[in-house]
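Notes to accompany the following structure.
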Amino acid sequence: MSRPFPYTFISCPCADTPVPDPARKRRSRESPQKQSPQKPAPRPSTSEGEKKGTTANEQRDEDDEDEQTFDPRSPRSDFSLYPPEQLLYCEECHQIKCSRCITEEIVSWYCPSCLFETPSSMVRGDGNRCGRNCFNCPVCTAPLAVSTIENATGNGTQQGPWVLSCAYCLWTTLDIGIKFDKPTNIRSQLQKMTDATPPAAFDRSRQASRTLDSLKHPLSSSASVEEHGNARERERDIEHPAPKEDPTAPPMGADAQFAALKNFYRAQIAETSNSPNDHLSSDFGFSSPGALNRLMSLYTSSSRLGGLYGGNKKAKSKPPVMREALTASEGLQIAPKNGEADIIARLASPDCGWEGVASLDQRKAQAPNARFVGDLLPLPVLLRTKRAKRCKSCKHILVKPETKPQSTRFRIRLIALSYIPLPTLCPLAFSSSSALPSMAPTPDLDSLSPLRPIHVLLTLKNHMFDPVRITLATPPVTPGRVATKVTVLSPQFEIGANSDVWDEALQGASATSSGDSKSAGLGQRGVPEAGKVWDKGRNWTTVVLEVVPGTLPGSSAEGGDGNPETTDEDVVAVAASRKDEDVLEIPVFVHMDWDADAQLDQQNLGKASKADDKVTRELAYWMVLGVGRIQASL
Amino acid sequence: MATLKPPTNTHRSSSSGPPKAPLKADSTATIADNVVFQGPYPVTIGAGTVIHPRAKFYTYEGPIVVGDGCIICEKAVIGAPPPSSSRSSSPQPSRDAESSPKESTTRISYFVTIGPSSIIEPGVHIHSSATIEALAIIRRGADIGSHAKVGSTCEITGRVGEWFVVWGSGPGMRRKRARGPKPMSPAVLDAARIAQTAIPAPAPAGKVIEDARLMVLQKEREVLGRMLVPVKKK
């Protein structure tokens, strides 16, 4: 993976339900919260866990699924492995939550430039962009500054025309011949300048859907004109009484054209849908069932096949056929006669050149007909959002930021690291005088020698205020083609509570020395022993993992050594060595339990809980330790 | 404003070090103490020019001429340092023999701003009122037109036209700045035509922005000079 060695990932159990079930089953049985009547809805994971458990009991002999070790190499695990700091934790479900098992909802929109919050009602109208004074340079995307021309050249009168100017590429609105009269509300000033809606267009489209007229559309040739004519010509009524469509009318602006087209097609869909009362079709367009019906009936009724579907089709009128926009007021825009030639001539002219043509990146956010740098308009800054995150299964809020854009605080933020211990990994360095002289003093994690045992220190740091009991489990041999033997030397241990630092300091000098003993302890402790914790601090515990890296398939080490685990049946498939197969990743199953304070709702029915309002909680998950890369040869 | 402080008194490379370039600076130029002038060819600095600390002038391949009113920021390198091998072993004559046939003058005209840590190689001609931003590299023989701007981390070989802006990084993108009055944006014209409103009054020429920028630069230089004088007197 992309992180430098050593790294640790934690697997969110949402991706694969067959996380080993004993833990789940026990948790569901023991945790009194599960029996709480206030939450009758069973969590899906729990019920599934129960189910799995029973199946496992029935089929003891083939309980592969349940006891399946997590394979960091399986393609699915890419989607469930997260760095520990990216995970959240749901206090209701008592489960780790990754970005796939949460839903997001937008708390507020704000402009990253002026940090003003935009009300959600205005976001759409403003096109998701800042409606105030914030603009980005259309050429280089740097923020634009509002500056006055007069002030700089004359004396500081703060009067006179204002421009937007880019400090980086020196673009100003003078490049497109625009100046502003006021330094405020630039967006609306610009909008007014570029608003290409014909004066009456808005009213026209409004009335179009209301009034009925009997004027027929000249091109409507459908047989259903008689039946649906009235509806069909709703939108035609104004055009013809009004001054005849001016063929020389200037092209609409892109916004106005889009609005006209949208109105037109919405009216068309409403009229041609089979059920005129179906308002869905007008709102949702083709995605609604009504629209689909209409589309289907296009085929069935216009051909003879229509007869196959029963005689009543004949009685039914032919469905109306949607037509396309035909006039400029409907949004039709006819390409200018020699538009292409004009553009080419302009491209070739010496004052345009390569520099004068807008790049694709520049055109992306501009009007569709912007081809040249001179056509580019300043871009209002895109808004950003603050989002709250909810658990998908119980809708509990996991993250809730402050609404104010200026504040970076969070009202609620249940990050997983406050609940699960933070794993960190480091290789154990031995001096040459140590008991294992074959080991390099500091193993190079990017090139681990195969079959040479190394020790890595796994430190788990508890952030909860309760001490935690941890059980680690690893498969004896890592899954995949490179079989690395892994042994956790002390798989069961405790981590102290994340108590006050001052408490520990007041306990005396011994405590402080033990806090720093991690580095100093190397000399004293010497050899890692099985069953013994390597080191321990206030809220952390370090254990040793003994790792014997396997040999890569097809490497030189393989034939000579003849390691039975590594030279198994897939030696045959040596040739196609898969990518990153030499990366040594160890799946570790972590099971933790701790006595938590019972919550208020349990105190009422707290018979099931222990004395002094303590509940035993459990959590189990897989994590993956990225130790290093195995060398090809010894 | 006689703030000339030629680095004659900072002879850290007096005897065995590299040769100190003969410096011909105007009396109104402001030159920081630890500016490095090295090489056999002279350096000429015009009136009102400000040279910030730790700028380096290497004249091994030809003289350097800096015009009036320039600002050369800290750690800017003008000219090319001598090849490291010849610097250590054989100091002067061999290098002179090498470089004298193709002597190339580096010219920096009036009111040029050269950003921090930028590199101007020998033989470059930077015309007046150009701006070279931080970390830009102007390769040998490049020609930067007047009122041009080279954005930071851009690398220029060849010619940059007048009133051009090179932005981005590496060879960068180029665009021509508005100098005269520009035609109004077609979006505005179309809008005015369709909405039957009056076309807004034409905007002034783009030149006013550049004038304003130069005026601000001038003021900045004056203020800087004023700030530096009392320090020097002490």
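Averaged over its residues, how many other protein chain Cβ atoms are within 10 Å of peptide B:163-176's Cβ atoms?
That average works out to 4.
Under the definition of partner shielding as Cβ atoms of other protein chains within 10 Å of a residue Cβ, what is the mean value for peptide A:109-116?
The shielding value for this peptide is 0.
Fewest first, what order do B:TYR58, A:TYR168 take by the number of other Cβ atoms within 10 Å? Numbers along the way, then the final one.
Details: B:TYR58 23, A:TYR168 20.
Placing the least packed residue first, the sequence is A:TYR168, B:TYR58.
Distance cut-off 30 Å, Cα to Cα: go down the list A:LYS364/A:LYS386; A:LYS262/B:LYS182; A:LYS386/B:LYS182; A:LYS262/B:LYS176 and report the pairs above it.
In this structure, A:LYS262/B:LYS182; A:LYS386/B:LYS182; A:LYS262/B:LYS176 exceed 30 Å between Cα atoms.
Sorted from fewest to most neighbouring beta carbons within 10 Å, what does the list A:ILE186, B:ILE45 look like? Can you show the working numbers first?
Details: A:ILE186 23, B:ILE45 29.
With the fewest neighbours first, A:ILE186, B:ILE45 line up as A:ILE186, B:ILE45.
Sticking to Cα atoms, compute the Rg of the range B:124-216 to one decimal and its Dmax as the biggest Cα-Cα distance, whole number, in Å.
16.9, 55
If you rank A:PHE589, B:PHE37 by fewest surrounding Cβ atoms within 10 Å, what's the result?
Sorted ascending by nearby Cβ count, the order is A:PHE589, B:PHE37.
For peptide A:370-377, what's the mean number of Cβ atoms from other chains within 10 Å of each residue's Cβ? All intermediate terms of the calculation are to be shown ahead of the outcome.
Numbers: counts 3, 1, 1, 2, 6, 3, 2, 4.
Mean shielding by partner chains, rounded to a whole number: 3.
Since every read-out is calculated from the coordinates, none of them should be taken as a lab result. The structure presented is a predicted model; accordingly, all values stated were derived computationally and were not measured. Counting neighbours? That spans all protein chains shown, and the Cβs are built from the backbone with ideal geometry, glycine included.
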